[in-house]
Amino acid sequence: MPYFNPEIETASRETLHDLQSQRLRAMVRNCYDNVPFYKRKFDEAGIKPEDIQSIDDLTRLPFTVKQDLRDNYPYGLFAVGRDKLVRIHASSGTTGKQTVVGYTQEDLDHWAEGAARAIVAAGGTKEDFIHVSYGYGLFTGGLGLHDGANMLGATVIPVSSGNTNRQVQILQDFQSDILCCTPSYAMFIGETLREKGIGPDEIPLRAGIFGAEAWSEEMRREIEKALGIKAYDIYGLSEIAGPGVSYECAEQTGMHVCEDYFYPEIIDPDTLEPLPDGEYGELVFTCIGKEALPLIRYRTRDISCLTRETCSCGRTLVKMKKPHGRSDDMLIIRGVNVFPSQVEYVILQQGCEPNYQILVERQDNLDTMTVLIEMSEQMFSDEISEIAAHEKRISSAMLSILGVGARVRLVEPHALPRSEGKAVRVIDKRNI
C-alpha cells in the first residue's frame, strides 16, 4: 500500500499522541508570547502556557471563530513578523472583510505534504501529470494541489479554472492523469465532453481529487460516470490550510486527517461540549503544526463526525466523515432545518443532474423555497404535462425527505449559471 509519509500515516496512536502534545505545548507558548488576542483570552480564562502539557488538555483552551480573524484584520492574529512570511492567502470576502492567512516556509511545506499525501492516497505517483483546475491566486485551491504535486515529484499542469473547451483539449493532448478541481466544475467538464461527443474513454484521466464545496455520494457517481474516473474527496479551508487538511483513501469511508498538523475535535454547536467519536457535530481544528497563524480550537461550522476505526488502507490517522453541511449554511424554512446537500440528494435520487439553485423568499410573512433544476435533454423534449408531472414527483420527494414543502421548477438545459469555482447554490432573498 503506497503512502507519502508512512512513518506518520501509519504511526501508532501513542506516537501520534506524543507528537501532538509536543506540538500543542509549543503552539500555546507561541500564541501566548506573540499574539495579543490569545494572551488576553488566556489571561481572562486564568490559563498559563505551562498549564497545557498534553493534547488531552486542549478542551481547557478557548475557541476561535471567523469573526475573530475579521476583527483582527489583516494581520492581528499572526504569531510571526512580516519578515518571516512567504505567502498570503485570503478568503473571497463574500460576507464582511476577507479572512487573511499567512504562511512561513515551514507552514507551506506542511500544507504541501498534506496535499501530497492526498495525491498518493488517490493513486498518484511521481510519474503522473496532475491537471490543476482550481483557481490560482488568493484562493488556496490551485497553489495547494500544485505544491503537493511538486513535493511528490509529479508533473503539474497549472491550468487554473475557466475556458472549459481549452481544459478538455489539454486533458486529451497533454495526457493528464489526475484532475483537481471543485466537484461542480468536474461535472461541467463532463458535460462539455458529452456535448463535444467525446467519450470518457477518449481521455486518459483515471482519478480526480475534488473539494472546496459540499458534494454527495450520488454526485460522486455522476462525476465518475461522466469522466470515467475514480473520484476522491479532499478537505481544507483557507483559515486552517487549503486542500490537504484531510483526504480520502481507496476505502472512501471518510477522509484521513493530517492530525500531526491539524488536530480535530467534534463539539455540540449549542453547548460547545466535545462529542464522542461517531456523533455528528461541529468540526473544530487546532493548528498544532503552523507558525504564522496558529489558530486554537477554530470552529469551522462544518457538520461532521470522527472515527478511529481501523482502515483497510493501513493508515492510522483519524478519519472525518464527509461534512453533511455547514451550520452557517443551514436554512431554516418555516422552522425546519434544511441543508443544500439534502436538496441535492433528492434531486439526484430523482434522476436529475446536479445543476440546480435554491431560491428562498418571504411572502406574506411566510418562508417559501423554490428549487430550480435543469432538465436533461430527454426531459426537455417531453410534453408540458409530463414536465409538470416530473415537477410534482420531485416536489413530493422534497417534502418527504426534507419535511418542508418546496416548489420545483424544471428549467431548460443550460439555463442556470455555471461556476468555474464554488457553485452558488442558494439565493436567500429574505430580509432576516
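The values are calculated or read from the model by the stated rules, or taken from the named source; none is laboratory data. Keep in mind that this is a model prediction, so the values were computed, not measured. Methodologically, a virtual Cβ is constructed for each residue, glycine included, from the backbone with ideal geometry; neighbour enumeration extends over all protein chains shown. Note: accessible area is taken over every heavy atom of the protein model, side chains too, but ligands, DNA and RNA are not part of it. Shrake-Rupley method; radii C 1.70, N 1.55, O 1.52, S 1.80 Å.
Summary table
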| read-out | value |
| --- | --- |
| Residue under evaluation TYR280, criteria (1) touching a Ser or Thr at 6+ places or on another chain (Cβ under 9 Å); (2) buried (at least 19 other Cβ atoms within 10 Å of the Cβ); (3) farther than 19 Å from LEU16 by Cβ, criterion not met | (2) |
| Residues satisfying the stated conditions in segment 261-288, i.e. more than 19 Å from HIS324 (Cα to Cα) and either over 19 Å from the mean Cα position of the chain (by Cα) or part of a strand (DSSP E or B) (or both) | TYR263, THR271, GLU273, THR286, ILE288 |
| Condition check for VAL245: within 26 Å of LEU108 (Cα to Cα), within 15 Å of the chain's Cα centre (by Cα) and either crowded, with 17+ Cβ neighbours inside 10 Å or at pLDDT 95 or above (or both) | yes |
| Selection within segment 24-50 - part of a helix (DSSP H, G or I), open to solvent by 60 Å² or more (accessible area, probe 1.4 Å) and not small (Gly, Ala, Ser) | ARG25, ARG29, ASP33, ASN34, PRO36, LYS39, ARG40, ASP43, GLU44, GLU50 |
| Unmet criterion (only one of (1) within 28 Å of SER184 (Cβ to Cβ); (2) in contact (Cβ under 8 Å) with a residue 24 or more places away in the chain) for THR64 | (1) |
| In segment 115-149, the residues that are closer than 17 Å to ALA241 by Cβ, at pLDDT 95 or above and in contact with a helix residue (DSSP H, G or I) (Cβ under 7 Å, 6 or more places away or on another chain) | ALA115, ALA116, ARG117, ALA118, ILE119, VAL132, GLY144, LEU145, ASP147, GLY148, ALA149 |
| Any hit, segment 76-90, residues being of a type in the set (Gly, Ala, Ser), at pLDDT below 95 and open to solvent by 60 Å² or more (accessible area, probe 1.4 Å) | no |
| Residue match in segment 163-180 (condition: under 23 Å from the mean Cα position of the chain (by Cα), touching a residue at least 12 places away in the same chain (Cβ under 8 Å) and open to solvent by 40 Å² or more (accessible area, probe 1.4 Å)) | no |
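Every residue, every condition in (1) within 23 Å of GLU213 (Cβ to Cβ); (2) of a type outside the set (Ser, Thr, Tyr); (3) at pLDDT 90 or above, yes or no:
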site	(1), (2), (3)
PRO354	yes, yes, no
GLN357	yes, yes, yes
ASP364	no, yes, no
ILE373	yes, yes, yes
ILE384	no, yes, no
GLU391	no, yes, yes
SER396	no, no, yes
SER400	no, no, no
